[in-house]
Amino acid sequence: MSPEYAFLTIFLPLMASVLSLFLPGEKAKAWLVVLGSLLSAVFSVLTYSPPVSGIYTETYSVPWIPQLGIYISLHLDQFSGVMGMLVAWLVFFIVLYSVKYMEGDYRPGWYWFFMGFFATSMLIITYADNLWFLLVGWEGVGLASWALIGHWYKDDEPDVKWVGHPGDRVALVDYSWPPSKAGLRAILTIRIGDSAFLVSLAYIFVALGTVQLSGLFRLGSAASALGLLPLFLFLMGPLTKSAQFPFTEWLLTAMTGPTSVSALIHAATMVNAGVYLLIVTAPIFASVQGAQTYFLAVLIFGALTAILSSIIALTVDEFKLVLAGSTAANLGIIAAATGGAGLLGLSGGGAALIALLWIAFMQIVGHAISKAPLFMGYGAVIHESGTKYLGAVGRLGRYMRTTSLALWLAMLSLIGTPPFAGFFTKEMAVENISAGFDAVGLSGVLVAGLIAFLAPLYGLRLLGLSLVHGPEPKEHIHEAHPIMWVPYTVLAFAALGVGGYLAYLYADELARLVASPGFLAFLVGFAAALALYVLRPGVRSRALTPLWRIGYRRFYLPWLYDGVLAWVYHNLAHLIYWAVDRGVIDNLYHVALPWAFSKISAAFRRLQTGSLSWYLLYAIAGSLVLILLVLL
Amino acid sequence: MIDPFFLVVLAFAALTPLALKVDGRYLAAAMGVAIFAMAFFVPEAAFFFTLLGVLAIALALDWPYGGLGLALGLSAASTALAAYAYYRAVAAPQYALNYAFAGLAALAVSTASVYGLLASGRERENLEGALKYLIFSAVGKTLMVLGFAIALYIAPTLGWVLLAFGFVFEMGLVPAHLWMVDAFALSTPKGVAALTIFGELTPLLVLLTLLNVVPMAKAAAFALLVVALTSMTFANAAGLTARTFGRILAYSSIAHMSYAVAAAALVFYFGNKPVSLPLVGTMSAFSVASLVIVLEGLTSGLGKAGIFGALTVRHADTVPERRVLSNTLNVLSLLGVPPLLGFWPKLLLILLSLALGQAGVAVLVILNSALATPYYLRVFRQVVEPAGPSADNATSVLTSTLAVILGVAAPLLLVALIP
């Protein structure tokens, strides 16, 4: 392993973004960060040349604060190598796209700084072998997420930059979110997970003496002393970061950020950090006593997220919300596949586990290269049409041909259509999920089938209602600028290309995948979606409207979080202020204690009568008391 | 062979008739110069001689004393004699008994002089305050002399118990503290300035001299410890609601004297063993206690001499008429704010308590420091709030400068003070 290449891969984007702060003009900042990310992407390939297989195969470490177990360490293996290339190249494509997308923005310095800052933080997570060092990146992506979701801090243009319809309320709770509020929602949710995550890191360090991932991996069965508590605390980090149920809300309202941000952070990279960490730590946690419970929890959380988020994606009426729901669903698939891999690998052993985890990891790649062009393409659509609402403008396939082509290719990959990359990665991941449920005596077929069935429904609904059907645009719509359509079109074709490569790699699995219940469910869903949304302009069903509303209202979780929890917390804070802070502490320090001391002081001073005789009397009496004390 | 400095003091006393012809302030200033000059001849006590000489000059410059300027000079001389007696008792232990008696004589001269200065305003209140001081001081000295003689020749324990009571009366500790408040509040302010520096430093130096001659008995040490801890708490609590300048600072004096006595009592009750402290290194506990005593005397004396020496009112049972900004430093030094002088004796006392394993005493001292803060801040306001122009005089400026310099140069100061 060449650590220089790895460090250059990681830190070039940050260096470019820091330098960009000192450059005048938006264009200079933008192109500097593009250059930095291109170089980082090139070095990411050099880092993984020649490719290595296995997990924690090569490591490099520099001590930082060894007494606390903090080292600057990197690990290079098939997971980090491929993830590093994925992240670095996606960063490059997306920042290139945003040169034009963010042109004329009112805060370019902030945007370009945080894009580079984010890229470095994400690459730290990818390559870090030391959990404290990884935490640096983990927190960094959280901060960048807040900064970029809330980039349009002026909260202007609600029809483009907000999530939800302004003025929409459900039982006194606003169902629309401006960027400033969405940024806070994101970081507060992540912080909840991070708190537990931090505790678990400390626990692991104290219990096992190291937080080096490679070190923990080599401990093998000695790691069994850990117990389930730190594992579940650890799990909170990835659950919140990867927006697993019930923490999905922040990802949906994160769509207030610029679409390039949504593409990079909330689709392709940052949200994958959680599930990526679940994958690379699975071989370590597999040795812990009670690991089966842990992996079962991961499987269930993932599957639940996949199904519920798919339903949300199917019912919402904004381009980016559909894609966000789809992202959450796919993250659920990856998490559930990891859980399934863990459960199956517990009986299979080391190499089998890594092979199964590789399948879950491949879905990260497949999803990322499918989702990024979708976001970028729909960003171009919003840019051109001036609206974010699905159904407000349609028939865009006629006016934005190249974009439409890219969107079709990317969506077909995302929903799992052969021969795209998404077909292979999704089918194999869904197989993991099914086998995982079967391993614990639950019906894997039903769960896998539902997940596979829902994806084409929401995918083709989005395409059908925006590109094929819908009202004619009122103003003239033209194709996006080449600097915008080139990156996402290249990525869309890459999804096809990667699909071809995977077809070659997994040629002998093809027959089995096509015959699987998951693919069958996909076909049914695809056919239904084609009929409902592509051949026909959608359908309204009175009978299904109540169910639709539950999905549209995102299972009323926003009402719970923004309404009930906020009310409880607000009033609890008031209670603590009035009862404890004012009632007890202030009263003690400003009323009770001063009163007591002034009474004592006044009592003492009452002896000061002015009469010498009394003074002598007190002195003599006091002396007698003292003598008694001495004698006794 | 009579010690030369005794002869010098006798000479000072013999100058009394000159007071009829020459204004007392010039006599006081001349004596101050003489004491300052003596520093070159008594290297052990050079620091004190320098300090006292300069202070006497400053006090003499500030106010017209009339005939009582002689009393000012004599009180400075008596404190110098007490310091000389202490340092010589340590340097020449074979003559320690002689120097102990010299110290007691110095105390008597000091009391007489300070009484005169306290009553110098000739107001009814001034006389009342002065008399109360004189009576309690006289009782205290009687007990001291009696106690010292008994401790030397008959029974050390009984002797030291009497000595202990003597110091309680002399220094105004609970239960014999009530005169202190009236003396500070009612007497002439410039007399109170002399009382605080000369009248309080002298008995502390005499205490140290006597401890070098006859170690304190454990029973007496116990009694003094109880008295000291009770006094500091009583005084700081009472000071919280005291309204006038003089009364607040009287309680402050009681507290400072309590800290000093507590140090001596701690050592002789818990044992004089070697202790290792930061800043001073390894020393006997008694040496540390001596440092605390001397530094407390200097802190309280210098601070209050500056504050009272600048008062333009007839007595201090009121608020000051004029603002004196230099006294803000004196107040902060009394409060114990680092790096001023007053911080160091408190710190050393706390470290000494901890070194002797008495964490409870340390905590009590810290709590007392905290308890005293409100009334010192009230004094601070009273010093700053009156109308200008600022009425700083030589004494207030000198004492505040000394509070800063001696505090900041504490390590050098400790080297000078450790016998």
> Could you give the distance between the Cα centres of segment B:337-352 and segment A:182-249, to the whole Å?
Replying inline: 49
> Taking residue A:181 as the anchor, which aspartates and glutamates have their alpha carbon closer than 17 Å to its alpha carbon, excluding any fewer than eight residues away along the same chain?
Replying inline: A:155, A:156, A:157, A:159, A:168, A:249, A:562
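Largest first and in whole Å, give the semi-axes of the protein assembly as shown's equivalent ellipsoid, each being the square root of 5 times a Cα gyration tensor eigenvalue. Don't jump to the answer; show the numbers that get you there.
Details: eigenvalues 1570, 181, 137 Å².
The answer is 89, 30, 26 Å, longest axis first.
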> Across the Cα atoms of segment A:156-219, what radius of gyration and what greatest pairwise Cα-Cα distance (Dmax) are found, in Å?
Replying inline: 20.2, 56
> Where does segment B:210-334 land on Rg(C-alpha)/(2.2 N^0.38 Å)?
Replying inline: 1.24
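Given the -39500 (n - 2.57) contribution per DSSP H run of 4+ residues, what per-residue ellipticity at 222 nm results for chain B, rounded to the nearest 500 deg cm²/dmol? If you can, show how the numbers build up before the last one.
Values: 18 runs with 308 residues, N = 419.
Roughly -24500 deg cm²/dmol at 222 nm, from the helical runs in chain B.
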> In the full protein assembly as shown, how much of residue B:22 is accessible to a 1.4 Å probe, in Å² to the nearest 10?
Replying inline: 50
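Does segment B:65-193 come out rounded, prolate or oblate, given a ≥ b ≥ c as the square roots of the eigenvalues of its C-alpha gyration tensor, rounded meaning a/c under 1.5 and, failing that, prolate meaning a/b above b/c?
Details: a/c = 3.03, a/b = 1.49, b/c = 2.04.
Taking the square roots of the gyration eigenvalues as a ≥ b ≥ c, segment B:65-193 is oblate.
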> Quick one: what do you get for segment A:209-290 if you divide its Cα Rg by 2.2 N^0.38 Å?
Replying inline: 1.32
>> Just to verify a number: FRET efficiency for residue B:377 and residue A:582, C-beta to C-beta distance, R0 = 35 Å, to 0.05?
In response: 0.90
> For chain B, how many pairs of lysine residues have a Cα-Cα distance under 22 Å, where the two are 8 or more positions apart or belong to different chains?
Replying inline: 8
> Rounded to two decimals, what ratio of Rg to Rh does segment A:404-548 give with C-alpha atoms and a Kirkwood Rh?
Replying inline: 1.04
> Which residues of segment B:147-184 end up with at least 20 Å² less accessible area in the presence of all protein chains than when their chain stands alone, using a 1.4 Å probe?
Replying inline: B:165, B:169, B:175, B:178, B:182
> Can you list the aspartates and glutamates whose alpha carbon sits under 18 Å from that of residue A:27, skipping same-chain ones fewer than 8 residues off?
Replying inline: A:103, A:105
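Per residue, how big is the convex hull of segment A:131-269 when only Cα atoms are used? Give it in Å³. The partial results should precede the final answer.
Numbers: hull volume 15.7 nm³, N = 139.
Once divided by residue count, the hull of segment A:131-269 is 113 Å³.
Carbon and sulfur: what percent of chain A's accessible surface (1.4 Å probe)?
Carbon plus sulfur share of accessible area: 71 percent.
In percent, how large is the relative contact order of chain A, given Cα pairs closer than 8 Å and 6 or more residues apart?
Values: 1092 pairs, mean separation 71.8, N = 632.
Rounded, it is 11 percent for chain A.
What does the structure give for B:218-228 when I average, per residue, the other chain Cβ atoms found within 10 Å of the residue Cβ?
The mean count of partner-chain Cβ atoms within 10 Å per residue comes to 2.
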> For q = 0.11, 0.12, 0.18 Å⁻¹, what log10 I(q)/I(0) does segment A:344-431 give under the Debye formula with an equal point scatterer on each alpha carbon and no solvent?
Replying inline: -0.42, -0.48, -0.79
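Take the alpha carbon atoms of segment B:132-238, find their radius of gyration, then divide it by 2.2 N^0.38 Å using N residues; give the quotient.
Details: Rg = 14.0 Å, N = 107, 2.2 N^0.38 = 13.0 Å.
The value comes to 1.08.
Whole number please: convex hull volume per residue of the Cα set in segment A:465-612, in Å³? Walk me through the intermediate numbers first.
On the way: hull volume 62.5 nm³, N = 148.
Dividing the Cα hull volume of segment A:465-612 by its residues yields 422 Å³.
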> Given charges of +1 on the Cβ of Lys and Arg and -1 on the Cβ of Asp and Glu, with all other atoms neutral, how large is the dipole of chain B about its Cα centre, in debye to the nearest 20?
Replying inline: 280
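Average the reciprocal distances over every distinct pair of alpha-carbons in chain B, invert the result, and give the Kirkwood radius in Å. Please report the intermediate quantities before stating the final value.
Numbers: mean 1/r = 0.0483 Å⁻¹.
Over chain B, the inverse of the mean reciprocal pair distance is 20.7 Å.
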>> Using a Cα-Cα cut-off of under 25 Å, which lysines could be cross-linked to residue A:29, ignoring same-chain neighbours fewer than 8 residues away?
In response: A:100, A:154, A:161
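Peptide B:33-39: average number of partner chain Cβ atoms within 10 Å per residue?
Details: counts 0, 0, 0, 0, 0, 0, 0.
Taking all residues of B:33-39 together, the mean is 0.
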> What is the Cα centroid distance between segment B:1-58 and segment A:316-359, reported in whole angstrom?
Replying inline: 96
> Could you work out the helix-only [θ] at 222 nm for chain A, with each DSSP H run of four or more residues adding -39,500 (n - 2.57) and the total divided by the number of residues, to the nearest 500 deg cm²/dmol?
Replying inline: -22500 deg cm²/dmol
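Before I look further, what does segment A:530-632 give for accessible area per residue, probe 1.4 Å, in whole square angstrom?
Working: 7530 Å² over 103 residues.
Spelled out: the 1.4 Å probe surface of segment A:530-632, per residue, equals 73 Å².
What total accessible surface area, summed over both chains, is buried at the interface between chains A and B, computed with a 1.4 Å probe and given in Å² to the nearest 100? Mind dumping the intermediate values first?
On the way: alone 25170 and 14670 Å², together 37690 Å².
Protein heavy atoms only, the A-B interface buries about 2200 Å².
Using unit Cβ charges (K, R positive; D, E negative) and no other charged atoms, how large, in debye to the nearest 20, is the dipole of segment B:277-419 about its Cα centre? Mind showing how you got there, number by number?
Details: 7 positive and 5 negative charges, 25 e Å.
The calculated dipole for segment B:277-419 is roughly 120 debye.
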> Going by accessible area, probe 1.4 Å, with all protein chains left in place, what is the ranking of A:542, B:381, largest first?
Replying inline: A:542, B:381
> Using a 1.4 Å probe on the protein chains only, how many percent of the accessible area of chain B belongs to carbon and sulfur?
Replying inline: 71
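The values are calculated or read from the model by the stated rules, or taken from the named source; none is laboratory data. Just so it is clear, the model here is predicted, and its values are computed rather than measured. Counting neighbours? That spans all protein chains shown, and the Cβs are built from the backbone with ideal geometry, glycine included. The accessibility values were calculated without ligands, DNA or RNA, using every heavy atom of the protein model including side chains. Shrake-Rupley method; radii C 1.70, N 1.55, O 1.52, S 1.80 Å.
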